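Have a look at the structure below before the remarks.
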Amino acid sequence: MRYAAIDIGSNAVRLLIADIIVKDQEISFNKNTLLRVPLRLGDDAFIQHYISAPKFENMVKTMRSFRDLMDVYKVTDYMACATSAMRDAANGADVVKACKEVGVDIEIIDGSTEALIIYNSYLGAKLDKNRVYLFVDVGGGSTEISLFANGRLIDSKSFNLGTIRILDNQDRSETWEEMKLWLKELTKSHKVIYGIGTGGNINKLARLSSEKADQPISYAKLKAIYLYLSSYSLKDRINVLGLKNDRADVIIPAAEIFLTVMKFGRLKNIVAPRVGLADGIIQTLIDRNKEKL
């Protein structure tokens with residue numbers, strides 16, 4: 001049995017096809033195929049608040065291709081979620097309608113729902129109920145932050161601070177200040193907080209730090225990597241450091257957001273388990289279909 005997750009982000013659109021494994025009444029999944037298309041819907045949505053005709057067309061073409069791939073892989077259930085860019089686009093509903101005509105139903109989700117789906121891929125047995133966790137997901141259009149204590153969600157908030165939004169100069173100083181104040185208030189009564197970061201950029205930053213997955217990255221180490229990357233031009237980050245074109249620019253503002261969250265959220269370290277919205281969608285589908293499985 002196979003499930004599929006479609007993550008329509010502000011920077012890229014992803015298709016994850018996963019094999020579902022049922023063993024001794026335990027249900028898990030293995031990633032079979034992952035496809036990433038850097039559409040950068042946020043470039044339109046955050047400046048014009050509208051998905052332009054070329055990106056609209058490419059979005060529909062991508063969804064048609066994803067639909068064909070899901071059919072080839074004999075996917076039995078799927079879920080497609082669109083985040084910040086589609087939330088901001090005035091014609092987001094038109095894009096959804098056009099994609100439905102080629103066989104893909106898309107749900108535009110709010111920031112809180114996005115955060116819960118992401119963390120659904122990491123919750124449960126992986127969390128120590130005696131610890132306090134601050135989850136941080138940095139995307140192209142928004143940053144979702146959630147605090148978990150005693151095994152339950154205490155508070156969650158979405159901020160319009162994302163890598164594409166910052167590159168397009170569409171972030172506001174008021175939003176930065178709001179996030180800083182909220183973090184200070186949220187974390188002030190907790191002595192030790194464990195940071196967990198998700199998203200493609202923190203995954204790449206973790207690899208650059210030479211740390212293994214699930215190994216903590218200190219604030220000092222992340223700051224050093226940020227300064228190192230910032231010392232190179234965009235061109236050299238691509239040609240000398242070997243970063244992909246659509247990663248070389250966004251990784252700088254992503255590091256700035258993570259460093260800010262760590263500072264004002266009083267995080268000494270952050271772990272990058274290398275999971276994201278697509279993983280959370282697969283887990284959500286498993287939870288929905290438990291009886292059937």
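The values are calculated or read from the model by the stated rules, or taken from the named source; none is laboratory data. Quick caveat: nothing in here was measured; it's all calculated off a predicted structure. Cβ: placed from backbone, ideal geometry, glycine included. Neighbour counts: every protein chain shown. Note: areas computed on protein heavy atoms with side chains; ligands, DNA, RNA excluded. Shrake-Rupley method; radii C 1.70, N 1.55, O 1.52, S 1.80 Å.
Laid out as a table, the results:
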read-out: Cα-centred dipole magnitude for the chain, charges only on beta-carbon of K, R (+1) and D, E (-1), debye, nearest 20; value: 960 debye
read-out: In Hz, Karplus ³J(HN,Hα) per residue of segment 267-274 (6.51, -1.76, 1.60; θ = phi - 60°; x = Gly, Pro); value: 9, 7, 9, 9, 9, 10, x, 6
read-out: Cα-based shape type of segment 1-144, given that a ≥ b ≥ c are square roots of the gyration tensor eigenvalues and the cut on a/c is 1.5; value: oblate
read-out: Amide hydrogen neighbours beyond the local backbone of Ser10, cut-off 5 Å, H modeled; value: Ser84, Ala85, Gly140, Gly141
read-out: Interchain or long-range residues, amide H under 5 Å from Phe29's placed H; value: Ile21
read-out: Å² of accessible area per residue within segment 123-226, as computed with a 1.4 Å probe and no ligands counted; value: 49 Å²
read-out: Segment 109-177 - percent of accessible surface contributed by carbon and sulfur, probe 1.4 Å; value: 40 percent
read-out: Mean Kyte hydropathy of 1.6 or more with a Cα span along the axis of at least 30 Å, helices from DSSP in the chain; value: none
read-out: Global geometry of segment 85-236, whether rounded, prolate or oblate, following the gyration tensor of its Cα atoms and the 1.5 cut on a/c; value: oblate
read-out: Two-decimal log10 I(q)/I(0) for segment 164-210, as the Debye equation yields it once each C-alpha is a single scatterer, q = 0.20, 0.31 Å⁻¹; value: -0.96, -0.99
read-out: Relative contact order [Cα under 8 Å, 6+ residues apart], the chain, whole percent; value: 19 percent
read-out: For the chain, fraction of C-alpha pairs farther apart than 28 Å, in %; value: 37 percent
read-out: Heavy atoms of Lys97: accessible area, 1.4 Å probe, square angstrom to 10; value: 130 Å²
read-out: Dipole magnitude (debye, nearest 20) for segment 193-293, charges at Cβ of Lys, Arg, Asp, Glu; value: 160 debye
read-out: Cβ charges +1 (Lys, Arg) and -1 (Asp, Glu), total dipole of segment 116-269, debye; value: 580 debye
read-out: Pairs from Lys55/Lys100; Lys157/Lys188; Lys74/Lys126 whose Cα-Cα separation, in the structure shown, is over 24 Å; value: Lys74/Lys126
read-out: Within the chain, helix-based [θ] at 222 nm, where runs of 4 or more DSSP H residues each add -39,500 (n - 2.57), nearest 500; value: -12500 deg cm²/dmol
read-out: Among Val102, Val13, Val240: highest mean-square fluctuation, GNM of the chain, C-alpha pairs under 10 Å; value: Val240
read-out: Relative contact order (%) - segment 79-216, alpha-carbon pairs under 8 angstrom, separation at least six; value: 20 percent
read-out: In Å², nearest 10: area of Met1 left accessible to a 1.4 Å probe; value: 110 Å²
read-out: Long-range HN-HN contacts of Tyr50 with modeled amide H, under 5 Å; value: Ala45, Ala90
read-out: Cα-based shape type of segment 235-287, given that a ≥ b ≥ c are square roots of the gyration tensor eigenvalues and the cut on a/c is 1.5; value: oblate
read-out: Among beta bridges that DSSP assigns inside the chain, antiparallel share in %, nearest 5; value: 70 percent
